[in-house]
1. Please report the base-10 log of the normalised intensity I(q)/I(0) for the chain, using a Debye sum with one equal scatterer per alpha carbon and no solvent, at each q in 0.10, 0.11 (1/Å).
2. Give me the Debye-computed log₁₀ of I(q)/I(0) at q = 0.11, 0.14, 0.15, 0.20 Å⁻¹ for the range 133-236, equal point scatterers on Cα only, no solvent, two decimals.
3. If I build a Gaussian network model for the chain, linking alpha-carbon pairs within less than 10 angstrom, which residue out of 48, 162, 154 has the largest mean-square fluctuation?
4. In Å and whole numbers, how far do the C-alpha atoms of the range 117-182 stretch along each principal axis, longest first?
5. At what distance in nm do the modelled label points of residue 92 and residue 176 sit from each other, each positioned 7 Å from its Cα along Cα→Cβ?
6. What nm distance separates the two modelled labels at residue 83 and residue 186, each placed 7 Å from Cα along Cα→Cβ?
7. Could you line up 89, 202, 148 from fewest to most neighbouring Cβ atoms inside 10 Å?
8. What is the list of residues in the range 1-29 whose amide nitrogen lies under 17 Å from a point 7 angstrom out from the Cα of residue 121, following Cα to Cβ?
Ligand code: UDP
């Protein structure tokens, strides 16, 4: 075991959609099973979900929408992913709380950091939704901010279709090679795009480690939590 006591898992929207628009319940069930295994192993876990399977503000802007309104649509999309994940976790007998950065009392708790910590201490999985509640941010940055504020030991970035940080996008450049380890300074200097630069900078400044790894094969989330060296470790 690595000694991680509390982890923040970032799941991009692509994971929820299984590559399509909307939520693929089969995929969400698989992800929920993995998160349940982490919680049952006694490790506190919070999750930040992306929303790219519904809307990305920047993409809608390119197609003529106002950026701010489009970003709010993006944040609402994120909440649907949170609810889907909550549903499967609760069906598996895992207690969860969704906290959203945009208040929507009928659907979720508001974002209250100290309460989120308390939930985790009680063994509940906390799912942070609606991003930062502010346009012009990405959920990568939110994942780091929530990890810092809720005092997580590490940010775990689970990706679909790629198993770590590469020198270039391995789907576009067959000569790309994978890093086992990397510093934030290197990641930023090389302009690596696996996470956004703000997220790298915030992690680096606060010396919070990050592990970027692939969702496949099933069980990888628990493997990383238990200290197996898969994916890429990014540190200060
Ligand atoms: N978003 C935002 N503020 C935030 C987080 C997200 O405006 O704090 C919007 C933004 O439009 C973004 C969309 O929500 O494109 C979905 O989030 P993101 O692109 O980070 O999801 P992912 O790429 O992880 O699926």
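Laboratory data are not the source of any read-out in this text; all were calculated from the coordinates shown. Note that the structure is a prediction, hence the values are computed from the model and not measured. Neighbour counts are summed over all protein chains in view; Cβ atoms, including those assigned to glycine, are modelled from backbone coordinates with ideal geometry.
1. Rounded to two decimals, the profile gives -0.42, -0.51.
2. Log-scaled intensity ratios, in q order: -0.32, -0.52, -0.60, -1.06.
3. Checking each option, the largest mean-square fluctuation is seen for 162.
4. Reported extents, whole Å, longest axis first: 46, 28, 19.
5. About 2.8 nm, to one decimal.
6. Each label point lies 7 Å from its Cα, and together they span 4.3 nm.
7. 148, 202, 89
8. 5-7
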